[in-house]
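Comments concern the structure below.
The values are calculated or read from the model by the stated rules, or taken from the named source; none is laboratory data. This structure is a prediction, so every number in the text was calculated from the model and none was measured. Here the Cβ positions follow ideal geometry from the backbone for every residue, glycine too, while neighbour counts run over all protein chains shown.
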């Protein structure tokens with residue numbers, strides 16, 4: 001099997017863009033990074049998903065520290081979500097190879113559109 | 001009851017986060033559109049939330065060989081710079097304006113997800 005070479009410049013630009021979105025909205029960097037790594041940098045889809053998690057983790061850590069010092073962090077509010085997220089994350093890592101991505105993305109898109117409409121127009 | 005819903009919402013979006021399918025974005029939608037959390041605090045929750053979720057999912061990804069290591073260093077370095085600048089800007093902005101920006105972002109993302117071929 002021939003190993004494809006991934007452009008470090010493209011990887012760097014993808015990471016930078018994801019950092020901007022992730023810092024500004026406190027999330028969502030992965031939604032940009034996954035297609036960039038996949039279609040632009042040429043990673044196979046599942047690799048793009050998994051690699052984006054590894055890239056975004058340190059970015060979130062830095063944003064967290066900044067939010068903390070600038071007053072956007074409420075630990076008590078976050079705690080139950082953290083507990084749930086930990087369980088979901090463990091399950092997700094194991095289920096990763098067995099899900100139907102197409103349906104997942106459709107349901108996801110509809111929920112996102114609902115949230116967007118509500119934030120903009122109500 | 002409130003905390004139970006929060007744990008459930010966290011677990012469901014956590015599964016998605018592990019896939020990298022925008023679980024964090026969904027949690028932000030839940031917080032702002034359903035739970036009525038102010039945008040800036042919701043973003044803080046989401047950032048905190050991603051840390052254990054991602055840390056829990058990563059070992060499995062690494063073990064399965066899905067993490068492309070040559071990408072990590074360049075992407076993380078520029079990503080840190082971008083994240084620092086943007087986090088500073090977001091926490092300086094008026095919360096209502098940030099919320100509207102977020103709404104615009106969601107509409108773009110949602111439409112792209114829905115109409116993209118894959």
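Couple of notes before you dig in:
- Positions within the range B:81-118 being within 15 Å of the chain's Cα centre (by Cα) and under 22 Å from residue A:38 (Cβ atoms), in sequence order: B:83, B:105, B:106, B:109, B:110
- Among the residues of the range B:17-33, those that are without any contact (Cβ under 8 Å) to a residue 24 or more places away in the chain and over 10 Å from the mean Cα position of the chain (by Cα) comprise B:19, B:30, B:31, B:33.
- Residue under evaluation residue B:84, criteria (1) facing another protein chain (nearest Cβ under 7 Å); (2) crowded, with 23+ Cβ neighbours inside 10 Å, criterion not met: (2)
Residues checked against (1) modelled with pLDDT under 95; (2) within 14 Å of residue A:55 (Cα to Cα); (3) within 7 Å of another protein chain (Cβ to nearest Cβ):
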site: B:34; (1), (2), (3): yes, no, no
site: B:50; (1), (2), (3): yes, yes, yes
site: B:62; (1), (2), (3): yes, yes, no
site: B:80; (1), (2), (3): no, yes, yes
site: B:93; (1), (2), (3): yes, no, no
